[in-house]
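Notes follow once the structure below has been shown.
The values are calculated or read from the model by the stated rules, or taken from the named source; none is laboratory data. Since we're looking at a predicted model, the values are computed, not measured. Don't worry about glycine lacking a Cβ; one is built from the backbone with ideal geometry, like all the others, and counts go over all protein chains shown. Surface areas here come from the heavy atoms of the whole protein model, side chains and all, with no ligands, DNA or RNA. Shrake-Rupley method; radii C 1.70, N 1.55, O 1.52, S 1.80 Å.
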Amino acid sequence: MKLVFAGTPEVAVPALDALIASDRHEVAAVVTRPDAPAGRGRRLVASPVAERAEEAGIEVLKPAKPRDEEFLARLREIGPDCCPVVAYGALLPKVALDIPAHGWVNLHFSLLPAWRGAAPVQHAVLAGDEITGASTFLIEQGLDSGPVYGTVTEEVRPTDTSGDLLTRLAFAGSGLLVATMDGIEDGSLKAVPQPADGVTLAPKLTVEDAQVDWAAPALRVDRVVRGCTPAPGAWTVFRGERLKIIQAAQVPDRTDLAPGELSAAKNNVYVGSGSHAVELLWVQPQGKKPMRGADWARGVRIASGERVGAGDVG
(Lines give C-alpha, C1' and ligand atoms only; values in the text may rest on other atoms or scores of the structure.)
Protein backbone atom coordinates (compact mmCIF):
# COMPACT_ATOMS: atom_id res chain seq x y z
CA MET A 1 0.00 0.00 0.00
CA LYS A 2 0.96 3.63 -0.40
CA LEU A 3 1.20 5.06 3.13
CA VAL A 4 1.37 8.48 4.72
CA PHE A 5 2.75 8.07 8.24
CA ALA A 6 1.71 10.48 11.01
CA GLY A 7 3.81 10.80 14.17
CA THR A 8 5.91 13.25 16.14
CA PRO A 9 8.06 12.12 19.12
CA GLU A 10 10.98 9.70 19.42
CA VAL A 11 8.62 6.87 20.44
CA ALA A 12 7.09 6.95 16.93
CA VAL A 13 10.42 6.48 15.11
CA PRO A 14 10.67 2.65 15.50
CA ALA A 15 7.30 2.25 13.75
CA LEU A 16 8.37 4.59 10.94
CA ASP A 17 11.61 2.64 10.53
CA ALA A 18 9.70 -0.67 10.40
CA LEU A 19 7.35 0.65 7.70
CA ILE A 20 10.24 2.05 5.66
CA ALA A 21 11.94 -1.36 5.87
CA SER A 22 8.81 -3.23 4.74
CA ASP A 23 8.99 -4.50 1.15
CA ARG A 24 5.18 -4.53 0.86
CA HIS A 25 4.48 -0.85 1.45
CA GLU A 26 5.71 2.58 0.35
CA VAL A 27 5.93 5.46 2.85
CA ALA A 28 5.13 8.29 0.44
CA ALA A 29 5.12 11.08 3.02
CA VAL A 30 5.19 11.82 6.73
CA VAL A 31 2.87 14.13 8.68
CA THR A 32 4.27 15.60 11.90
CA ARG A 33 3.79 18.53 14.23
CA PRO A 34 5.44 21.85 13.27
CA ASP A 35 8.96 22.61 14.47
CA ALA A 36 8.94 23.57 18.16
CA PRO A 37 11.29 25.65 20.34
CA ALA A 38 13.74 23.56 22.37
CA GLY A 39 16.83 23.94 24.52
CA ARG A 40 18.20 27.01 26.26
CA GLY A 41 18.24 29.07 23.09
CA ARG A 42 14.61 28.10 22.37
CA ARG A 43 15.47 27.68 18.70
CA LEU A 44 13.01 25.86 16.46
CA VAL A 45 13.76 22.13 16.19
CA ALA A 46 12.16 19.55 13.89
CA SER A 47 10.42 16.58 15.51
CA PRO A 48 12.29 13.24 15.74
CA VAL A 49 9.92 11.80 13.12
CA ALA A 50 10.61 14.72 10.74
CA GLU A 51 14.37 14.25 11.15
CA ARG A 52 14.15 10.52 10.44
CA ALA A 53 11.93 11.06 7.39
CA GLU A 54 14.31 13.69 5.98
CA GLU A 55 17.24 11.28 6.45
CA ALA A 56 15.29 8.71 4.43
CA GLY A 57 14.43 11.22 1.71
CA ILE A 58 10.69 11.15 2.45
CA GLU A 59 8.47 14.21 1.99
CA VAL A 60 7.54 15.84 5.32
CA LEU A 61 4.26 17.70 5.88
CA LYS A 62 4.00 19.98 8.95
CA PRO A 63 0.50 21.50 9.00
CA ALA A 64 -0.27 23.89 11.85
CA LYS A 65 -3.62 22.10 11.97
CA PRO A 66 -4.62 18.95 10.08
CA ARG A 67 -7.70 20.75 8.76
CA ASP A 68 -5.56 23.28 6.85
CA GLU A 69 -6.73 23.25 3.23
CA GLU A 70 -3.22 23.26 1.79
CA PHE A 71 -2.38 20.11 3.77
CA LEU A 72 -5.63 18.38 2.81
CA ALA A 73 -5.05 19.20 -0.87
CA ARG A 74 -1.54 17.71 -0.76
CA LEU A 75 -2.85 14.60 1.02
CA ARG A 76 -5.43 14.13 -1.73
CA GLU A 77 -2.69 14.54 -4.37
CA ILE A 78 -0.58 11.83 -2.75
CA GLY A 79 -3.64 9.57 -2.53
CA PRO A 80 -2.56 7.23 0.29
CA ASP A 81 -4.25 3.84 0.69
CA CYS A 82 -3.84 4.09 4.47
CA CYS A 83 -2.37 6.47 7.06
CA PRO A 84 -0.68 4.73 10.02
CA VAL A 85 -0.42 6.94 13.12
CA VAL A 86 1.83 6.82 16.20
CA ALA A 87 1.64 9.65 18.75
CA TYR A 88 0.96 12.37 16.17
CA GLY A 89 -0.38 14.80 18.78
CA ALA A 90 -3.27 16.54 16.99
CA LEU A 91 -6.94 15.72 16.48
CA LEU A 92 -7.78 14.63 12.96
CA PRO A 93 -10.95 16.12 11.40
CA LYS A 94 -13.39 13.90 9.52
CA VAL A 95 -12.43 15.53 6.21
CA ALA A 96 -8.88 14.21 6.71
CA LEU A 97 -10.02 10.81 8.01
CA ASP A 98 -12.05 10.27 4.84
CA ILE A 99 -9.16 10.73 2.36
CA PRO A 100 -7.31 7.37 2.55
CA ALA A 101 -9.30 4.36 1.30
CA HIS A 102 -8.48 2.34 4.42
CA GLY A 103 -8.59 5.27 6.85
CA TRP A 104 -6.10 6.21 9.55
CA VAL A 105 -4.86 3.35 11.72
CA ASN A 106 -3.46 4.27 15.13
CA LEU A 107 -0.87 2.35 17.16
CA HIS A 108 -1.95 3.01 20.76
CA PHE A 109 0.12 1.86 23.73
CA SER A 110 -2.54 0.02 25.73
CA LEU A 111 -4.82 -2.97 25.43
CA LEU A 112 -7.95 -1.15 24.36
CA PRO A 113 -10.51 -0.33 25.68
CA ALA A 114 -8.22 0.13 28.70
CA TRP A 115 -6.42 3.46 29.02
CA ARG A 116 -7.86 5.51 26.20
CA GLY A 117 -6.16 8.89 26.03
CA ALA A 118 -2.82 10.68 25.92
CA ALA A 119 -0.91 8.86 28.70
CA PRO A 120 -1.78 5.14 28.63
CA VAL A 121 1.64 3.85 29.71
CA GLN A 122 1.92 6.25 32.66
CA HIS A 123 -1.54 5.29 33.90
CA ALA A 124 -0.80 1.57 33.54
CA VAL A 125 2.22 1.99 35.83
CA LEU A 126 0.30 4.21 38.28
CA ALA A 127 -2.51 1.66 38.48
CA GLY A 128 -0.14 -1.23 39.12
CA ASP A 129 -1.14 -3.15 35.99
CA GLU A 130 0.87 -6.36 35.61
CA ILE A 131 0.16 -6.71 31.88
CA THR A 132 -0.28 -3.99 29.29
CA GLY A 133 0.41 -3.84 25.57
CA ALA A 134 -0.32 -2.05 22.32
CA SER A 135 -3.32 -2.02 19.98
CA THR A 136 -3.87 -0.99 16.37
CA PHE A 137 -7.30 0.47 15.65
CA LEU A 138 -9.19 2.42 13.01
CA ILE A 139 -9.45 6.06 14.06
CA GLU A 140 -12.98 7.44 14.45
CA GLN A 141 -14.16 10.80 15.76
CA GLY A 142 -14.32 9.45 19.36
CA LEU A 143 -11.35 9.20 21.76
CA ASP A 144 -9.47 5.98 20.90
CA SER A 145 -12.84 4.25 20.47
CA GLY A 146 -12.48 2.74 16.98
CA PRO A 147 -12.53 -0.97 16.12
CA VAL A 148 -9.32 -2.90 16.85
CA TYR A 149 -7.21 -4.73 14.27
CA GLY A 150 -4.71 -6.39 16.58
CA THR A 151 -2.88 -6.34 19.92
CA VAL A 152 0.45 -7.31 21.42
CA THR A 153 0.99 -7.79 25.17
CA GLU A 154 3.87 -6.70 27.37
CA GLU A 155 4.64 -7.49 31.01
CA VAL A 156 4.99 -4.53 33.37
CA ARG A 157 8.14 -5.25 35.38
CA PRO A 158 8.29 -4.27 39.08
CA THR A 159 10.96 -1.63 38.50
CA ASP A 160 9.64 -0.27 35.18
CA THR A 161 9.36 3.47 34.75
CA SER A 162 6.86 4.66 32.17
CA GLY A 163 9.89 5.50 30.00
CA ASP A 164 11.24 1.93 30.20
CA LEU A 165 7.87 0.44 29.36
CA LEU A 166 7.15 2.87 26.53
CA THR A 167 10.49 2.09 24.89
CA ARG A 168 9.72 -1.64 24.82
CA LEU A 169 6.18 -1.03 23.56
CA ALA A 170 7.46 1.24 20.78
CA PHE A 171 9.50 -1.62 19.33
CA ALA A 172 6.92 -4.37 19.96
CA GLY A 173 4.21 -2.11 18.55
CA SER A 174 6.18 -1.35 15.39
CA GLY A 175 5.94 -5.01 14.39
CA LEU A 176 2.23 -5.00 15.16
CA LEU A 177 1.69 -1.92 12.98
CA VAL A 178 3.49 -3.46 10.00
CA ALA A 179 1.51 -6.70 10.43
CA THR A 180 -1.69 -4.64 10.55
CA MET A 181 -0.79 -2.88 7.30
CA ASP A 182 -0.05 -6.29 5.73
CA GLY A 183 -3.40 -7.68 6.87
CA ILE A 184 -5.35 -4.67 5.61
CA GLU A 185 -3.55 -4.85 2.26
CA ASP A 186 -4.26 -8.54 1.62
CA GLY A 187 -7.75 -8.46 3.15
CA SER A 188 -6.97 -11.00 5.88
CA LEU A 189 -7.56 -8.58 8.75
CA LYS A 190 -10.87 -7.08 9.86
CA ALA A 191 -11.28 -4.55 12.65
CA VAL A 192 -13.36 -5.74 15.63
CA PRO A 193 -15.46 -3.26 17.68
CA GLN A 194 -14.16 -2.59 21.19
CA PRO A 195 -16.20 -4.07 24.06
CA ALA A 196 -18.39 -1.65 25.98
CA ASP A 197 -17.01 -2.91 29.31
CA GLY A 198 -13.53 -2.23 30.63
CA VAL A 199 -13.16 1.33 29.35
CA THR A 200 -10.65 3.37 31.37
CA LEU A 201 -9.28 6.83 30.60
CA ALA A 202 -5.66 8.01 30.59
CA PRO A 203 -5.55 11.81 30.43
CA LYS A 204 -2.22 13.61 30.24
CA LEU A 205 -0.55 13.84 33.65
CA THR A 206 -0.05 17.30 35.13
CA VAL A 207 2.76 18.53 37.36
CA GLU A 208 0.25 18.45 40.24
CA ASP A 209 -0.43 14.76 39.57
CA ALA A 210 3.29 14.09 40.02
CA GLN A 211 3.58 15.52 43.55
CA VAL A 212 4.29 12.73 46.02
CA ASP A 213 1.82 12.28 48.88
CA TRP A 214 3.91 10.89 51.72
CA ALA A 215 0.79 9.98 53.72
CA ALA A 216 0.01 7.41 51.01
CA PRO A 217 1.40 3.85 51.32
CA ALA A 218 4.94 3.25 50.04
CA LEU A 219 3.51 1.15 47.22
CA ARG A 220 1.65 4.21 45.92
CA VAL A 221 4.73 6.42 46.30
CA ASP A 222 6.75 3.89 44.29
CA ARG A 223 4.14 3.84 41.50
CA VAL A 224 3.97 7.64 41.31
CA VAL A 225 7.76 7.91 41.01
CA ARG A 226 7.95 5.21 38.31
CA GLY A 227 4.81 6.31 36.49
CA CYS A 228 5.91 9.95 36.31
CA THR A 229 9.46 9.16 35.12
CA PRO A 230 10.69 10.66 32.85
CA ALA A 231 7.72 13.05 32.55
CA PRO A 232 6.27 15.05 34.18
CA GLY A 233 8.70 13.94 36.92
CA ALA A 234 7.75 13.01 40.51
CA TRP A 235 8.58 15.71 43.05
CA THR A 236 8.23 16.87 46.61
CA VAL A 237 9.08 20.01 48.61
CA PHE A 238 12.21 20.37 50.74
CA ARG A 239 13.02 23.64 52.53
CA GLY A 240 10.66 25.54 50.26
CA GLU A 241 12.15 24.26 47.00
CA ARG A 242 11.09 21.52 44.62
CA LEU A 243 13.03 18.26 44.85
CA LYS A 244 12.58 15.91 41.89
CA ILE A 245 12.60 12.20 42.70
CA ILE A 246 14.08 10.21 39.83
CA GLN A 247 14.39 6.78 41.43
CA ALA A 248 13.18 5.35 44.73
CA ALA A 249 12.78 1.93 46.36
CA GLN A 250 10.50 0.55 49.03
CA VAL A 251 12.10 -0.50 52.33
CA PRO A 252 9.50 -2.75 54.01
CA ASP A 253 11.51 -3.43 57.18
CA ARG A 254 11.80 0.26 58.05
CA THR A 255 8.60 1.43 59.76
CA ASP A 256 9.92 3.91 62.33
CA LEU A 257 9.54 7.10 60.24
CA ALA A 258 6.48 9.36 60.14
CA PRO A 259 5.11 10.30 56.70
CA GLY A 260 7.64 12.64 55.06
CA GLU A 261 10.20 12.28 57.84
CA LEU A 262 13.80 12.02 56.60
CA SER A 263 16.53 9.79 57.94
CA ALA A 264 20.04 9.90 56.49
CA ALA A 265 22.79 7.30 56.91
CA LYS A 266 26.25 7.26 55.36
CA ASN A 267 25.15 5.69 52.08
CA ASN A 268 21.35 5.97 52.19
CA VAL A 269 18.53 8.41 52.77
CA TYR A 270 15.03 7.30 53.73
CA VAL A 271 11.61 8.95 53.84
CA GLY A 272 8.62 7.75 55.86
CA SER A 273 5.30 7.08 54.16
CA GLY A 274 1.83 5.93 55.18
CA SER A 275 3.16 2.36 55.48
CA HIS A 276 6.91 1.72 55.45
CA ALA A 277 9.93 3.77 54.39
CA VAL A 278 11.08 4.66 50.89
CA GLU A 279 14.76 5.06 49.97
CA LEU A 280 15.61 8.00 47.73
CA LEU A 281 18.09 6.54 45.24
CA TRP A 282 18.34 9.43 42.74
CA VAL A 283 17.08 12.98 43.14
CA GLN A 284 17.44 16.33 41.40
CA PRO A 285 17.38 19.50 43.51
CA GLN A 286 15.95 22.62 41.92
CA GLY A 287 18.45 24.16 39.47
CA LYS A 288 20.97 21.31 39.81
CA LYS A 289 21.90 18.09 38.06
CA PRO A 290 20.61 14.65 39.10
CA MET A 291 22.55 13.09 41.98
CA ARG A 292 22.48 10.08 44.26
CA GLY A 293 20.10 10.51 47.17
CA ALA A 294 22.84 9.91 49.75
CA ASP A 295 25.07 12.60 48.16
CA TRP A 296 22.17 15.07 48.24
CA ALA A 297 21.49 14.28 51.91
CA ARG A 298 25.13 14.84 52.87
CA GLY A 299 25.16 18.17 51.07
CA VAL A 300 22.03 19.58 52.72
CA ARG A 301 22.82 18.18 56.22
CA ILE A 302 19.39 16.95 57.19
CA ALA A 303 18.36 17.87 60.73
CA SER A 304 16.77 15.37 63.11
CA GLY A 305 13.02 15.15 62.46
CA GLU A 306 13.22 17.20 59.23
CA ARG A 307 10.66 16.37 56.58
CA VAL A 308 9.93 16.58 52.87
CA GLY A 309 6.53 17.52 51.52
CA ALA A 310 5.85 20.25 54.06
CA GLY A 311 5.20 23.86 53.06
CA ASP A 312 4.83 25.61 49.72
CA VAL A 313 7.33 25.91 46.91
CA GLY A 314 9.12 29.23 47.10
| If each of Ser275 and Asp253 carries a label point 7 Å out from its Cα toward its Cβ, how far apart are those two points in nm? | 1.8 nm
| request: Any chance you could run the full-extension gain for Arg67 through Glu208? It's 0.36 nm times the residue separation minus the Cα-Cα distance, nm to one decimal. | output: 47.5 nm
| said: I want to make sure I understand the PRE zone here: with the label point 7 angstrom from the Cα of Asp98 toward its beta carbon, which residues in segment 60-90 have backbone N atoms less than 18 Å away? | reply: 66-83
| task | Jot down the per residue volume, in cubic angstrom and as a whole number, of the convex hull over the alpha-carbon atoms of segment 264-304. | result | 81 Å³
| Proximal charge balance of Ala234 [Cβ under 11 Å; K/R count +1, D/E count -1] | +1
| query | So, by mean Cβ neighbours within 10 angstrom, what's the order for 255-266, 108-119, 83-94 with the highest one leading? | reply | 108-119, 83-94, 255-266
| message | Out of all DSSP beta bridges in segment 31-159, what portion is antiparallel? Express it as a percent rounded to 5. | response | 80 percent
| query | Which percent, to the nearest 5, of DSSP beta bridges fully inside the chain are antiparallel? | reply | 65 percent
| remark: Convex hull around the C-alpha positions of the chain: the volume in Å³ per residue is 148 Å³
| field | Radius of gyration, Dmax [segment 87-218; alpha carbons; angstrom] | value | 15.8, 56
| Percent accessible area from carbon and sulfur atoms, segment 92-185, protein chains only, probe 1.4 Å | 54 percent
| message | Suppose R0 equals 35 Å. What FRET efficiency, 1/(1 + (r/R0)^6) with r the Cβ-Cβ distance, do Ser145 and Arg40 give to the nearest 0.05? | response | 0.30
| field | Restricting segment 60-92 to trypsin sites (Lys or Arg not before Pro) in coil, as DSSP defines it, with at most 16 other Cβ within 10 Å | value | Arg67
| field | Computed helical MRE - 222 nm, the chain, DSSP H runs ≥ 4 contributing -39500 (n - 2.57), nearest 500 | value | -7500 deg cm²/dmol
| note | Tilt, helix 218-227 to longest principal axis of the chain (alpha-carbon atoms), in degrees rounded to tens, equals 40 degrees
| Candidate lysines for bridging to Lys204, where Cα separation is under 28 Å - those fewer than 8 sequence places away on the same chain excluded | Lys62, Lys65, Lys94, Lys244, Lys288, Lys289
| request: Give the distance, in whole Å, between the Cα centre of segment 117-177 and the Cα centre of segment 1-64. | output: 21 Å
| request: Compute the FRET efficiency between Val199 and Lys266 as 1/(1 + (r/R0)^6), taking r as their Cβ-Cβ distance and R0 = 41 Å, and round to the nearest 0.05. | output: 0.25
| field | Per residue accessible area in Å² of the chain, where ligands, DNA and RNA are left out and the probe is 1.4 Å | value | 48 Å²
| said: As a test of understanding, state the convex hull volume per residue of segment 157-314 from its alpha carbons, in Å³. | reply: 153 Å³
| request: Starting from the Cα of Glu26, move 7 Å in the Cα-to-Cβ direction to define the label point; list residues of segment 51-87 whose amide nitrogen is under 19 Å from there. | output: 53-61, 74-84
| said: What do you get for trypsin sites (Lys or Arg not before Pro) in segment 3-55 restricted to DSSP loop and a cutoff of at most 11 other Cβ within 10 Å of the site's Cβ? | reply: Arg24, Arg40, Arg42
| Roughly to the nearest percent, how much of the accessible area of segment 216-271 is carbon and sulfur, given a 1.4 Å probe? | 50 percent
